[in-house]
1. Any chance you could run the full-extension gain for Lys79 through Asp240? It's 0.36 nm times the residue separation minus the Cα-Cα distance, nm to one decimal.
2. Between Glu101 and Arg201, 0.36 nm times their residue separation minus their Cα-Cα distance comes to what?
3. Which of Lys153/Lys206; Lys236/Lys308; Lys5/Lys29; Lys210/Lys233; Lys11/Lys44 have a Cα-Cα distance over 25 Å?
4. Could you work out the local net charge near Asn179, counting Lys and Arg as +1, Asp and Glu as -1, over the other residues with Cβ closer than 12 Å to its Cβ?
5. Provide the gained length on full extension for the span Gln173 to Leu33, in nm with one decimal, where the gain is 0.36 nm per separating residue minus the Cα-Cα distance.
Amino acid sequence: MDFLKAEIERKKRQLESSQVMAPNKKFFKRGDLAKKQEEEYWRKHNRWKEDKKEDDQCESSKKTEEEPESSQKYTLPRKEVIQRLRERVEPIRLFSETDYEACQRLRKLEILEPEINRGFKNDMKTAMDAVDQEYLDEIVKSQGVEHGANDVKVVEVVTTEDDLKQMTEELGQGDDDRNQEIILQFLKHILFLWGRDLNSRPVEEKRTMKGKLASATHSQTVTYMRTLFRDLKHKKCQSDILECLIEIVKHLLDKNYLRANDAYYEMAIGNAPWPVGVTMVGIHARTGREKIYAKNVAHVLNDEIQRKYIQGLKRLMTHCQRFFPTDPSRMVNYEAVK
């Protein structure tokens, strides 16, 4: 009985607090009670939803404040981002990823793996396109101006006959720093003579396909030789490469192009023996083991950078015997050079 009385008393207090029963009445409708309970429920629920909405608005405002600052640092058009990601065989968009996040992901990929899945580039086509573009730009800027159209960039190097004789005497005397200076000066001199010869052609010849190809070959050679010139300038050329270059340039200064060609092939292809099987067994070395050293290694097979400047060196050797001719018996492909 006490439990029943307590429950009746609780119900009375609940009715008084909800204010469902009017003061002049002794009864109330159950629908009015349900309506009051519903209003109380939604009042509490809406307060929770409003608090959550305010938190979401604060977070979104922070993101919008941070994103413009970071997007100003590195942004790309969406089409370009999609193209670059497809070139790297990467998904163009991850789940719930924004355009800005996709751009940042592309930037991270390009920093970590700059040359992934691109293969070897066509350097000759790139040089040809650059020559055509320079020619078109020259026409657009100055209509009817003949000088400077389709010319190659030339860095003037002043080297006289006396300087060449002095270089011949000083080259190969044991001073590596001086040897690198002489090699750098001589190769730049040949490159300057080649560029000057190309720029002295008539305008009609420069505009032909053969003339454009010659200009592109010069531009490509300048790009190829840049690494070797930088190493020679800073006195950081490898010892085995430097030894071969000394021999080649020495023969070029003596106008013995056959010997220079042989030294070039020895550097590029090499004549190292190909050991078959085990070469070091026990305490005795096999015959011919001492012949396998750096000088005989084919440097053209080491990496792409060495292959490029070795190829550019061959072009400079070919033009050197054209600028400084000698007896046919000491020249390579005399009929073609003539």
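1. Additional length available on full extension: 53.1 nm.
2. Working: separation 100, 0.36 × 100 = 36.00 nm, distance 5.33 nm.
The span from Glu101 to Arg201 would gain 30.7 nm if fully extended.
3. Over 25 Å Cα-Cα: Lys210/Lys233.
4. Values: positive: Arg178, Lys235, Lys250; negative: Glu170, Asp175, Asp176, Asp177, Glu181, Glu243, Glu247.
My count for the surroundings of Asn179 gives -4.
5. The Gln173-Leu33 span can extend by a further 39.2 nm.
Read-outs throughout are calculated quantities, based only on the coordinates presented, and are distinct from any laboratory measurement. Remember, predicted model here, so these are calculated numbers, not experimental data. Cβ: placed from backbone, ideal geometry, glycine included. Neighbour counts: every protein chain shown.
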